[in-house]
Amino acid sequence: MLSARFTAVAVVTAVLVGTTAGTASGAGETYDEFSLLYNRSAGLVVDSAGNPASQWAWRPGDAGTSVIRWDSPSNWNKPGNGLEHFVRDGDWLYLDGYENQSTGTYNVQRVTSEQIGDGNCAGMKPLPDHNGQQHYAQWTIPSAPYCLIADGTITTPTGTVRFRHRQVWSPPTTCQTKYHGAVRCVRQAESWWDDNGHPWGLRIERSQYLGKGLGMALSIHSTVGDGKPIDWHADLKDVWTWS
């Protein structure tokens, strides 16, 4: 979920019939414990040299909804674009679309197909439709890695963008971090393809760790950015709540 994919490149029922994802962990840890999406939480991410690189903040809403903004700290007092809108239903977190505050528009995202499989993206099987919303993550974190692949479209004022989003979520473990020591964490490895103003292709590839009680971007390693190979590292330095 790191930086709003859409602008950056222009810009979970626990057991499903036939799924190969692992069963819920014995501890019953949940996505909100690591993401902090239902808190008015925020964080500052710095690059390997310690320079401010990105900032995130959650804005919880009603009926299980929450919105996250990613932006550079220097832009934070300006209207944000690509804010990701999420909603929880049962044991899934779904992604609905992207809000552009600068234009007052909402870009609806809808999937045309979704699959779930094991941590190697093998044994992939279809996921049931949920009003076209993307299955983003299982709420109760399974004890084994699982893979999600979503294909679909994003509707914008200037046209329709095709996308593919592949994620591999790993079960909780302990991360040794640069600024927070040993932290309970989960890993999201993701790849993103689209045709937003360019030929269809891989635009983003990265891994992100979420820290229990700390939130998003505990550490990041990007290997593809804006369609080009990169080797970029960043870490979560500061976290706070806002009112």
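Below is a table of values for the structure above.
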{"read-out": "Only listed residue being closer than 16 Å to G215 by Cβ, among the hydroxyl-bearing types (S, T, Y) and under 13 Å from the mean Cα position of the chain (by Cα), chosen from S54, S66, S41", "value": "S66"}
{"read-out": "Single residue of segment 157-176 satisfying the filter (over 21 Å from H135 (Cα atoms) and of a type outside the set (A, V, I, L, M, F, W, C)) that is most open to solvent (accessible area, probe 1.4 Å)", "value": "Q176"}
{"read-out": "Which listed residue is under 30 Å from D151 (Cβ atoms), touching a Cys at 6+ places or on another chain (Cβ under 8 Å) and not aliphatic (A, V, I, L, M), from S207, S219, S191", "value": "S219"}
{"read-out": "Residue match in segment 85-92 (condition: under 17 Å from A217 (Cβ atoms) and charged (D, E, K, R))", "value": "no"}
{"read-out": "Tabulated pairs, segment 50-66, first at positive phi, second among the β-branched types (V, I, T), C-beta under 9 angstrom, 6+ apart or interchain", "value": "A63/V87; G64/V87"}
{"read-out": "Residue that is farther than 20 Å from V67 by Cβ and either open to solvent by less than 10 Å² (accessible area, probe 1.4 Å) or in a strand (DSSP E or B) (or both), where the choices are I154, I149", "value": "I149"}
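The values are calculated or read from the model by the stated rules, or taken from the named source; none is laboratory data. It should be emphasised that the depicted structure is a prediction, and the values quoted were computed from it without experimental measurement. Every residue, glycine as well, gets a Cβ built from its backbone with ideal geometry; the counts of neighbours run over all protein chains shown. Just the protein is used for accessible areas: all its heavy atoms, side chains included, with ligands, DNA and RNA removed. Shrake-Rupley method; radii C 1.70, N 1.55, O 1.52, S 1.80 Å.
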